[in-house]
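**Student:** The structure that follows is given in the form of structure tokens.
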Amino acid sequence: MAEQRRNPQTPDRHQSPAVTDGEPRELRYPDFLCIGAQKAGTTWLDRNLRRHPRLWFPPIKELHYFNELYVPSSRSWTARYRRDKGAAAFQRYLKRVPDEEARDYRQLARMADIVTGPISDDWYGRIFALAGEERIAGEITPDYSLLPDAGIEHVLRLAPNVRIILSLRDPIERSWSHIRMSALGYGEKGPEMIPQLASNPDVLARSNYPAMIARWRRYVPEDRFLVVFMDDITAEPHAVLQTLCRFLKVPFNEKRFRKAAAAVHVGEAKPIPAPVLATLKDRLKPVYEELGGLYPEIAERWAARHY
């Protein structure tokens, strides 16, 4: 069960212990989180930020720790996701390091933890303890954008000074990409499910950027909360990476990001069916209006595409 709410600034036994006698920490928690949004460039962020030698990420993208605790709809699939992705990462490591004496068995143990669990604050902390003291540790799990207040408080109890990155995409375009992905899960029935998915609460919640920003900003100050836009990732990828490096307080070197302009997980472009577009325009109009008060220039550009 999820823990009861507590003051996120109250220390508890889960705070990472200091390093002693040069030994690595037993537990450590992330210095930064990318909380989404889903279908808004988070895989691109993961691929590129992993290339920075000062940054450290878990062996798999998306640990789905806090959303499993606080977003009930996640619980039907998160353990399976970690099992499948973790097992694949484990096998890749064994192939990459065939010499048994050269293997890092502490890392292999944590990778096995990802696969088998059970999850807990200590489980989460042991994974991040793999990061060396000189590295900035973080993870990318878009589902964290949906955390309720209790989940965000839990994050802040473990990592009081955590930095938050949120990547945003035109809400209707994001929703259409999400709908298409979800329809694939229905197999042959996928096409007939598309109109229903346009009204799906989960699809709409993941495009309600003002709501997710308001929840997180209640706990995270402006100087530790960075919003980037997929439009900028597409148009000026190196400029976005420079901004991210500055935010994470690591040096930027363009040579590290030679593949920054390469798109990641680009599907075949398909026009939005008129009935689906009409539904999304109706349901998401308040999102565009509220975004206008937060980010007027980008919100106006997005809205002009559809209204």
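The values are calculated or read from the model by the stated rules, or taken from the named source; none is laboratory data. Treat the numbers as computed from the prediction; the structure is a model and nothing was measured. Please note: Cβ atoms are built from the backbone with ideal geometry, for glycine as well, and neighbour counts cover all protein chains shown.
**Student:** Go through the range 82-109 and report how many residues are more than 19 Å from the chain's Cα centre (by Cα) and closer than 16 Å to residue 64 by Cβ.
**Tutor:** Just the residues of the range 82-109 that are more than 19 Å from the chain's Cα centre (by Cα), to begin with: 87-88, 90-109.
Applying the additional criterion that residues be closer than 16 Å to residue 64 by Cβ yields 87-88.
Total satisfying the criteria: 2.
**Student:** Considering only residues that are of a type outside the set (Lys, Arg), part of a helix (DSSP H, G or I) and over 22 Å from residue 223 (Cα atoms), which ones fall in the range 29-72?
**Tutor:** Applying the first criterion (of a type outside the set (Lys, Arg)) to the range 29-72 yields 29-38, 40-46, 48-49, 52-53, 55-60, 62-72.
With part of a helix (DSSP H, G or I) added as a condition, the list becomes 42-46, 48-49, 65-70, 72.
Matches in the range 29-72: 43, 44, 48, 65, 66, 67, 68, 69, 70, 72.
**Student:** Got a sec? Which of 240, 227 is under 24 Å from residue 157 (Cα atoms) and either of a type outside the set (S, T, N, Q) or in contact (Cβ under 8 Å) with a residue 24 or more places away in the chain (or both)?
**Tutor:** 227
**Student:** Working carefully through the options 204, 244, find the one that is farther than 27 Å from residue 286 by Cα, out of contact with any Ser or Thr (no Cβ under 6 Å at 6 or more places or on another chain) and in a helix (DSSP H, G or I).
**Tutor:** 244
**Student:** Give me the pairs: first residue in the range 262-278 and modelled with pLDDT of 85 or more, second residue part of a loop (DSSP other than H, G, I, E, B), beta-carbon distance under 7 Å, and six or more apart or on different chains, which are they?
**Tutor:** 276/198
Here is a yes/no grid of residues against (1) buried (at least 22 other Cβ atoms within 10 Å of the Cβ); (2) under 30 Å from residue 304 (Cα atoms); (3) modelled with pLDDT of 95 or more; (4) not hydroxyl-bearing (Ser, Thr, Tyr):
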position	(1), (2), (3), (4)
119	no, no, yes, yes
128	yes, no, yes, yes
136	no, no, yes, yes
139	yes, no, yes, yes
142	yes, yes, yes, yes
150	no, no, yes, yes
164	yes, yes, yes, yes
168	yes, yes, yes, yes
175	yes, yes, yes, no
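**Student:** Shifting gears a bit: Out of curiosity, is residue 75 closer than 21 Å to residue 33 by Cα, free of Cβ contacts under 8 Å to residues at least 40 places away in the same chain, part of a helix (DSSP H, G or I) and in contact with a helix residue (DSSP H, G or I) (Cβ under 7 Å, 6 or more places away or on another chain)? Please lay out each step first, then the result.
**Tutor:** On the way: closer than 21 Å to residue 33 by Cα: yes; free of Cβ contacts under 8 Å to residues at least 40 places away in the same chain: yes; part of a helix (DSSP H, G or I): yes; in contact with a helix residue (DSSP H, G or I) (Cβ under 7 Å, 6 or more places away or on another chain): yes.
Answer is yes for this residue.
**Student:** Please go through the range 167-177 and give me each residue that is out of contact with any Leu (no Cβ under 7 Å at 6 or more places or on another chain) and closer than 24 Å to residue 244 by Cα, ordered by number.
**Tutor:** If the condition is that a residue be out of contact with any Leu (no Cβ under 7 Å at 6 or more places or on another chain) and closer than 24 Å to residue 244 by Cα, then 168, 169, 170, 173, 174 are the ones that fit.
**Student:** Here's a check for you: in the range 106-137, which residue that is assigned to a helix (DSSP H, G or I) and basic (Lys, Arg) is farthest from residue 244 (Cα to Cα)?
**Tutor:** 106
**Student:** Another question, then. Note down all Cβ pairs under 6 Å where the first residue falls in the range 78-105 and is more than 30 Å from residue 143 (Cα to Cα) and in a loop (DSSP other than H, G, I, E, B), the second is among the hydrophobic types (A, V, I, L, M, F, W, C) and modelled with pLDDT of 95 or more, and they're at least six residues apart or on different chains.
**Tutor:** Between residues of the range 78-105 that are more than 30 Å from residue 143 (Cα to Cα) and in a loop (DSSP other than H, G, I, E, B) and residues that are among the hydrophobic types (A, V, I, L, M, F, W, C) and modelled with pLDDT of 95 or more, the close pairs are 103/97.
**Student:** Further, regarding this structure: Scan the range 208-215 and tell me whether some residue there is surrounded by fewer than 17 Cβ atoms within 10 Å (Cβ to Cβ), free of Cβ contacts under 8 Å to residues at least 12 places away in the same chain, within 18 Å of the chain's Cα centre (by Cα) and within 12 Å of residue 163 (Cα to Cα).
**Tutor:** no
**Student:** Under 7 Å between Cβ atoms, at least 6 apart or on separate chains: pull out the pairs that start in the range 115-141 with a residue that is under 19 Å from residue 250 (Cα atoms) and end on any residue that is among the acidic types (Asp, Glu) and in a loop (DSSP other than H, G, I, E, B).
**Tutor:** Taking only residues 6 or more apart or on different chains, the pairs are 136/31; 137/31; 138/31; 140/62.
**Student:** On to the next question. Of everything in the range 95-108 that's surrounded by 12 or more Cβ atoms within 10 Å (Cβ to Cβ) and hydrophobic (A, V, I, L, M, F, W, C), which residue is nearest to residue 128 (Cα to Cα)?
**Tutor:** Filtering the range 95-108 for residues that are surrounded by 12 or more Cβ atoms within 10 Å (Cβ to Cβ) and hydrophobic (A, V, I, L, M, F, W, C), the one nearest to residue 128 (Cα to Cα) comes out as 108.
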